[in-house]
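Participant: One structure follows; several queries about it will come next.
Each reported figure results from applying straightforward, stated rules to the coordinates on display, with no laboratory input. Everything numeric in this text was worked out from a predicted model, so none of it was measured. Note that we place each Cβ from the backbone using ideal geometry, even for glycine, and neighbour counts take in every protein chain shown.
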Amino acid sequence: MSETTAERARRDRVFLVVVDDSPERAVALRYAALRAAKSGGRVALLRVVEPVEQAEWAGIGAMMAQERLEEAEGLLAGLAAQVQAITGGLPVLITREGNTADQLLALLAEDPRISILVLAAATDSKGPGPLIQALTGRLGGKMTVPMTVVPGSMTEAELDRVT
Amino acid sequence: MSARRGWLLAAMLALLAGGFCRPAAAQTSELVARLSTERVAITTAFVGESILVFGSTEQPLGPGGDEVVVMARGPSAPFVVRRKVRVIGLWLNGPSARFAAVPSFYAIAGTRPPWQLLPEEARHQRGIGIDSIPLEFTGARAPGFRRALVELKRNSNLWQEDPSPIEIAGSRLFNFRLHLPSTVQPGTYNVEVMLVRARRVVATEQLGFVVERTGSAAEIEKVARGQPVIYALLCILAAAFAGWAGSVVFRRG
Amino acid sequence: MVAVLQIYLPIAEMSVDALLLVGVGFGVGWLSGLFGVGGGFLLTPLLILLGIPSTVAVASGANQTLGASVSGLLAQARRGNVDWQMGGVLVAGGLFGSVAGVQLFAMLRRLGQVDAAVAIFYVVVLGSVGALMVMESVRAIFRRRRHGAAHRLHNHSWAHGLPFKVRFRKSRLYISVIPPLAVGFLIGVLSAVMGVGGGFMLVPAMIYILGMPTAVVIGTSLFQVVCVTASVTFLQAIQVGGVDIVLTLLLLLGGVAGAQFGAAMGGKLRGEETRALLGALVLAVAASLLWDLLRVPAALFSVGPAF
């Protein structure tokens, strides 16, 4: 009985990947997909788009918001195909508008299915990236799920080995 | 008020006494006149200025005796007077008259109104009185244009006719306050003091003062007129820098 | 004395209340931050209504718009939202337009018609812009939250027949340079005569006429605005002599502060109602300028320096 609940929980757990424009997002994406494929679970992709700055005309502002959202959806659809190739299943695609950290925390609060947040650290000397810095520092107390930080320099073979 | 006047009189007397102490020349002249200042600075806080024209005559002044007329003129500049006309419902500038040389400032005063002191011919010849200011103009011929120009100059107090009579003190001393409004133009101003006897001008004294802008506003104006290319580039750089710096200073968070 | 800080404007040759000008700059800056508009189209007519000569109001308005747009351009450039290639073509047209506009302005001044001409330009442009804004907001209020609120007009096939086609990589366009040159030219003329940046007309033109993606439109339009207002400032200063740097800096001081506050509030306050109010304000400025043209003038004669 407890076995099956644990089994279901494993199957239903969601690895959330934040899709930003950094080069290391591919690493986080691959890690999450491999983990889901090898040990069960699903992948969710979150893309946070910047809110539209005020434009001269309300109609143009609406058009900008729409184009930005469409662009985000196009990007996620492309990444979804990569995830599907590894896990065999389609990931959950989420687009939000606003500040990345705020929207991420709001999503975690709203959606209890998300069990692990997967982020990749930047490889340059400037630090792991603004999101990781915020979530391990200023916003650390607001996290509701564990977070896995994947070094951005890991190769595909290394990722295969650790998952 | 009376204390101030007393002080003024004392200053006048002191200055004139100084003048008379000098050897011979001054003593023989019929008319001696001076200005309280020879330089008026337009600063950013300029609200106008008054200049004292004062002097003395050899013969006693007043009814039956000599009379004094003071005439001041500012630098001349060309002006255009335009009349508005209605074109398809809109009021636009229509015919215009161009006045080649319009004195930017003009004031006339006498111990009595000058038109009582001098015959019309003499007044016209010397340009005494606003009616006698020579105003050559080209363009529209209607008399309204000249009248409009005169009216505007009088209303802005830049042209003054008998603002107040010249005061006489002790029968041989005279003084007159020349009021410059805040809108005076910079340049060289001439003040002509005339001694009138028996409806004729018997002696004149030419005085003058300079009105100039000073301070940062004057410097900016000088660069803008003298080196417009440099000024234009400075404006572009200053605005761009101010906009950038301001957004850094006021950025929230 | 009254607590006003009188300051002498060296080019306008008049004494004004410095705090009033900073306040006007702040108000216009606040509106521009709130609604993402340039603000020049409100600032110049307000200066004219305050008694600043048209020549100074237009030239200094352009100079102020330059300063107010610089930081926006830098921010957009940092995010890679500027199509420099398309911007370059627009600016080329804009520079010609500003030269033509300043010639027109100088000619109107010689004819003594500059005040009326600037007012007429403003009545026409502000009247149509204000009316469109009110209409757009009213329509949005009645049909709130409908999908696909804005559509591109993909019928610019006439433009495909024009020669001198160039590939604009960032905008993902392969079009003739003639439409962007013409758009830049017209905005340049308006900028020179009205002392505005022209983003109001430039941004819709870039989307609907040139077919540019919205992501690069704001940044690219700011690039054109900065370059063309710099050109207008230069030409107005050397040809007409109307740029008053003291006036510009006072307006900028209030303007940049106001823009930051407005932008901060803009995030919270996005109602179509407030946009309708902006439209009404624009219409009111146009109406007040129109009234000055229509009513019997208090003085039939005016006297001005001859050029």
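Participant: Using +1 at the C-beta of Lys and Arg and -1 at the C-beta of Asp and Glu, which of B:166, B:65, B:125 has the Cα lying farthest in the positive direction of the dipole of region B:31-214?
Facilitator: B:125
Participant: Other chains' Cβ within 10 Å of A:61-71 residues: what's the mean?
Facilitator: Values: counts 7, 7, 9, 8, 3, 6, 7, 3, 0, 0, 3.
Mean partner shielding for this stretch: 5.
Participant: Kindly put C:272, A:70 in sequence by how many other C-beta atoms sit within 10 Å of each C-beta, fewest to most.
Facilitator: Working: C:272 16, A:70 11.
So the ranking, lowest neighbour count to highest, is A:70, C:272.
Participant: If you split all Cα-Cα distances of region B:31-214 into 10 Å bins from zero, what percentages do you get per bin, shortest first?
Facilitator: 9, 33, 31, 18, 6, 2, 0
Participant: What are the membrane-span-like helices in chain C by this rule: whole DSSP H runs, Cα extent along the axis at least 27 Å, mean Kyte-Doolittle hydropathy at least 1.6? The partial results should precede the final answer.
Facilitator: Values: long enough: C:54-78 (36 Å, 0.56); C:84-110 (38 Å, 0.99); C:114-142 (41 Å, 1.84); C:214-235 (32 Å, 1.85); C:245-266 (30 Å, 1.88); C:272-294 (32 Å, 1.30).
Sorted by number, the helices that extend far enough and score high enough are C:114-142, C:214-235, C:245-266.
Participant: Would you work out the Kirkwood radius for region B:83-131? I mean one over the mean of 1/r across all pairs of different Cα atoms, in Å.
Facilitator: Values: mean 1/r = 0.0704 Å⁻¹.
Answer for region B:83-131: a Kirkwood hydrodynamic radius of 14.2 Å.
Participant: While we're on this one: Treating only the Cβ atoms of Lys and Arg (+1) and Asp and Glu (-1) as charged, compute the dipole magnitude of the protein assembly as shown about its Cα centre; round to the nearest 20 debye.
Facilitator: Dipole about the Cα centre, nearest 20: 920 debye.
Participant: Starting from the 7 Å offset along Cα-to-Cβ, what nm value, one decimal, do you get for the label separation of residue C:103 and residue C:167?
Facilitator: Once both label points are built, they end up 3.7 nm from each other.
Participant: Starting with the highest mean, order A:103-109, B:235-241 by the number of other Cβ atoms within 10 Å, averaged over the residues of each peptide. Please list the in-between numbers first.
Facilitator: Details: A:103-109: 17.1, B:235-241: 20.4.
Per-residue mean Cβ counts within 10 Å order the peptides as B:235-241, A:103-109.
Participant: Now for a different question. In whole angstrom, how far apart do the alpha carbon centroids of region C:200-240 and region C:1-53 sit?
Facilitator: First find each Cα centre; the distance between them is then 23 Å.
Participant: Let me confirm one metric for peptide C:5-16, namely the mean number of other chain beta-carbon atoms within 10 Å of its residues' beta-carbons. List each step's numbers first, then the result.
Facilitator: Working: counts 0, 4, 3, 13, 4, 13, 7, 0, 5, 2, 7, 0.
Going residue by residue through C:5-16 and averaging, the value is 5.
Participant: Please identify which residues in region B:173-194 have an amide N closer than 14 Å to a label point set 7 Å out from the Cα of residue B:167, following the Cα→Cβ vector.
Facilitator: In region B:173-194, the label zone of residue B:167 (backbone N under 14 Å from the point 7 Å along Cα→Cβ) covers B:173-179.
Participant: Take C:201, C:206 and order them by how many other Cβ atoms sit within 10 Å, fewest up front. Intermediate values should be presented prior to the final figure.
Facilitator: On the way: C:201 20, C:206 27.
Result, fewest neighbours first: C:201, C:206.
Participant: Would you mind checking which residues have amide H under 5 Å from residue C:173's amide H? H placed 1.01 Å from N; only 5 or more apart, or other chain.
Facilitator: Under 5 Å from the amide H of residue C:173: C:168.
Participant: Tally Lys and Arg at +1 and Asp and Glu at -1 over the other residues with C-beta under 11 Å from the C-beta of residue C:8: what net charge comes out? Walk me through the numbers before you get to the answer.
Facilitator: On the way: positive: B:213; negative: B:221, C:13, C:244.
After counting each charged neighbour, the total is -2.
Participant: Normalised by the residues of region B:31-214, what does the relative contact order come to in percent, with Cα pairs under 8 Å and at least six apart? Don't skip to the answer; put the middle values down first.
Facilitator: On the way: 395 pairs, mean separation 63.3, N = 184.
That works out to 34 percent.
Participant: Shifting gears a bit: Over region A:12-158, what is the mean sequence separation of C-alpha contacts under 8 Å (at least six apart), divided by residue count, expressed as relative contact order in percent? Could the numbers behind the result be given before it?
Facilitator: On the way: 229 pairs, mean separation 45.6, N = 147.
The value is 31 percent.
Participant: Check cross-link reach from residue B:84 to the lysines: straight Cα distance under 22 Å, and skip same-chain residues fewer than eight apart.
Facilitator: B:153
Participant: What ratio of Cα Rg to 2.2 N^0.38 Å holds for region A:123-163?
Facilitator: Values: Rg = 12.6 Å, N = 41, 2.2 N^0.38 = 9.0 Å.
Rounded to two decimals, the normalised Rg is 1.39.
Participant: Relative to the longest principal Cα axis of chain A, at what angle does helix A:58-87 sit, 0 to 90 degrees, rounded to 10?
Facilitator: On a 0 to 90 degree scale, this one is about 20.
Participant: Just to compare against my own numbers: the Cα pair-distance distribution for chain A, 5 Å bins, whole % per bin, please.
Facilitator: Going from the shortest bin to the longest, the percentages are 2, 8, 16, 20, 20, 15, 9, 5, 2, 1, 0, 0, 0.
Participant: Hydropathy first: keep DSSP H helices in chain B averaging at least -1.0 on Kyte-Doolittle, then drop any whose Cα extent along the axis falls short of 20 Å, and list what survives.
Facilitator: Numbers: long enough: B:2-21 (28 Å, 1.17); B:228-250 (32 Å, 2.02).
Sorted by number, the helices that extend far enough and score high enough are B:2-21, B:228-250.
Participant: Quick one: if the Förster radius is 45 Å, what FRET efficiency do residue A:38 and residue A:139 give, using the C-beta to C-beta distance and rounding to 0.05?
Facilitator: On the way: r = 30 Å, r/R0 = 0.67.
So, using R0 = 45 Å, E works out to roughly 0.90.
Participant: I've got another one for you. If the only charges are +1 at each Lys and Arg Cβ and -1 at each Asp and Glu Cβ, what is the size of the charge dipole of region A:8-163 around the Cα centre, to the nearest 20 debye? Let's see the in-between values first.
Facilitator: Numbers: 17 positive and 19 negative charges, 219 e Å.
Charge dipole of region A:8-163: 1060 debye, to the nearest 20.
Participant: What's the Kirkwood radius of the protein assembly as shown in Å, using all Cα pairs? Walk me through the numbers before you get to the answer.
Facilitator: Numbers: mean 1/r = 0.0321 Å⁻¹.
One over the average 1/r among Cα pairs gives 31.2 Å for the protein assembly as shown.
Participant: Sticking with this structure for a sec: Among A:73-80, C:217-224, B:170-177, how do they line up by average Cβ neighbours within 10 Å per residue, starting with the highest?
Facilitator: Values: A:73-80: 14.9, C:217-224: 28.1, B:170-177: 19.0.
In decreasing order of mean packing, A:73-80, C:217-224, B:170-177 become C:217-224, B:170-177, A:73-80.
Participant: Sticking with this structure for a sec: Could you work out the mean count of beta carbons from other protein chains within 10 Å of each residue's beta carbon in C:285-291?
Facilitator: Values: counts 0, 0, 0, 0, 0, 1, 0.
For peptide C:285-291, the averaged partner shielding equals 0.
Participant: I've got another one for you. Report the one residue of B:184, C:123, B:224 whose Cα lies farthest in the direction of the positive end of the charge dipole of the protein assembly as shown (charges on C-beta: Lys and Arg +1, Asp and Glu -1; origin at the Cα centre).
Facilitator: In the protein assembly as shown, that residue is C:123.
Participant: Just name one of C:261, C:231, C:182: the one whose Cα is farthest towards the positive end of the charge dipole of chain C (beta-carbon charges, Lys/Arg +1, Asp/Glu -1).
Facilitator: With unit charges placed on the Cβ atoms, the residue in question is C:182.
Participant: Moving on. Taking K and R as +1 and D and E as -1, what net charge do the other residues with C-beta under 9 Å from the C-beta of residue A:15 add up to?
Facilitator: Net charge around residue A:15: +3.
Participant: Give the shape of region C:43-118 as rounded, prolate or oblate, defined through the alpha-carbon gyration tensor: a ≥ b ≥ c are the square roots of its eigenvalues, a/c under 1.5 means rounded, and otherwise the shape is prolate if a/b is larger than b/c and oblate if not.
Facilitator: On the way: a/c = 4.51, a/b = 1.69, b/c = 2.66.
It comes out oblate by the Cα gyration axes.
Participant: Here is a further query. Using the crude model of +1 on Lys and Arg Cβ and -1 on Asp and Glu Cβ, and no other charge, please compute the dipole size for chain B relative to its Cα centre, in debye to 20.
Facilitator: The dipole magnitude comes to about 980 debye.
Participant: How do A:144-157, C:38-51 rank on mean C-beta neighbours within 10 Å, highest first? Intermediate values should be presented prior to the final figure.
Facilitator: Details: A:144-157: 13.9, C:38-51: 23.4.
Highest mean packing first, the order is C:38-51, A:144-157.
Participant: While we're looking at this one, here's another question. Only bridges whose two residues both fall in the protein assembly as shown count here: according to DSSP, what percent of them are antiparallel, nearest 5? Don't skip to the end; give the middle numbers.
Facilitator: Values: 65 of 93 bridges.
In the protein assembly as shown, approximately 70 percent of DSSP beta bridges are antiparallel ones.
Participant: Related question: For B:66, B:131, which order do you get if you count the other beta carbons within 10 Å of each Cβ and list the fewest first? Please report the intermediate quantities before stating the final value.
Facilitator: On the way: B:66 22, B:131 12.
Fewest-to-most ranking of B:66, B:131: B:131, B:66.
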